[in-house]
Amino acid sequence: MPENGKFETYGKVKSASDFYDELSEDYMDMIEFSSKVESESEIFKTIVSEYKITRCLDAGCGVGLHSIILSKLGVEVLGIDISASMIEKARELAQRFGVSAEFEVLDFSLIKEKYKEKFELVLCIGNTLPHLINEKDLLIALRNFYNA
């Protein structure tokens, strides 16, 4: 999260969570969710198999696309996102796809405090990191990813 908690979007100052809360209703269609579950499964199947992944942190999970793919492959997944609406959608989709991925609203800066256990894989895919608009916040997030 930016130091001041806000960034400029379309001429309005919004927090990242507000921006994605508003976007959550249309996000599934924007990313072509169902087709990506199918098309991206093979690459994740290879990664899970090659690196023997059993536990994953999906940082900035959005509506849970990669969390759901990995959970379908038998990986224990925790998806985190700053947007409560995105997390709500992710939970709905996980239920729809019959997977047990867990989701939580959480800022990257709090990962170290909240989770002491280790993950074999930390994902941060998509346009998540650009929302960390200063070096301090980016370094905190990357350190927390590394420590996780």
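Assess whether Ile125 counts as being open to solvent by less than 30 Å² (accessible area, probe 1.4 Å) and closer than 15 Å to Cys61 by Cα. Taking the combined requirement at face value, the residue does not satisfy it.
Screening Ser67, Ser71, Ser49, Ser100 for residues that are outside any loop (DSSP other than H, G, I, E, B) and open to solvent by 30 Å² or more (accessible area, probe 1.4 Å) leaves exactly one candidate, Ser49.
Criterion applied to Glu120, Glu92 was being surrounded by fewer than 17 Cβ atoms within 10 Å (Cβ to Cβ) and either hydroxyl-bearing (Ser, Thr, Tyr) or closer than 23 Å to Glu42 by Cα (or both), and the one residue passing it is Glu120.
The listed residues are Ser71, Ser109, Ser49, Ser67, and the only one of them that is in contact with a Ser or Thr (Cβ under 9 Å, 6 or more places away or on another chain) and among the polar types (S, T, N, Q) turns out to be Ser71. Among the residues of segment 107-123, those that are touching a Leu at 6+ places or on another chain (Cβ under 9 Å) and either assigned to a helix (DSSP H, G or I) or not β-branched (Val, Ile, Thr) (or both) comprise Phe108, Ile111, Lys114, Tyr115, Phe119, Leu121, Leu123. Say whether the condition of being in a loop (DSSP other than H, G, I, E, B), open to solvent by 60 Å² or more (accessible area, probe 1.4 Å) and at pLDDT 90 or above is met by at least one residue in segment 53-63. Taking every residue of segment 53-63 in turn, at least one turns out to be in a loop (DSSP other than H, G, I, E, B), open to solvent by 60 Å² or more (accessible area, probe 1.4 Å) and at pLDDT 90 or above.
The listed residues are Lys136, Lys114, and the only one of them that is closer than 15 Å to Gly79 by Cα and either without any contact (Cβ under 8 Å) to a residue 40 or more places away in the chain or open to solvent by 70 Å² or more (accessible area, probe 1.4 Å) (or both) turns out to be Lys114.
The values are calculated or read from the model by the stated rules, or taken from the named source; none is laboratory data. The model shown is predicted, which means the values in this text are computed figures rather than measured ones. With ideal geometry, Cβ positions are generated from the backbone for all residues, glycine too; neighbour counts draw on all protein chains shown. Heads up: the accessible areas ignore ligands, DNA and RNA and are worked out on the full protein's heavy atoms, side chains in. Shrake-Rupley method; radii C 1.70, N 1.55, O 1.52, S 1.80 Å.
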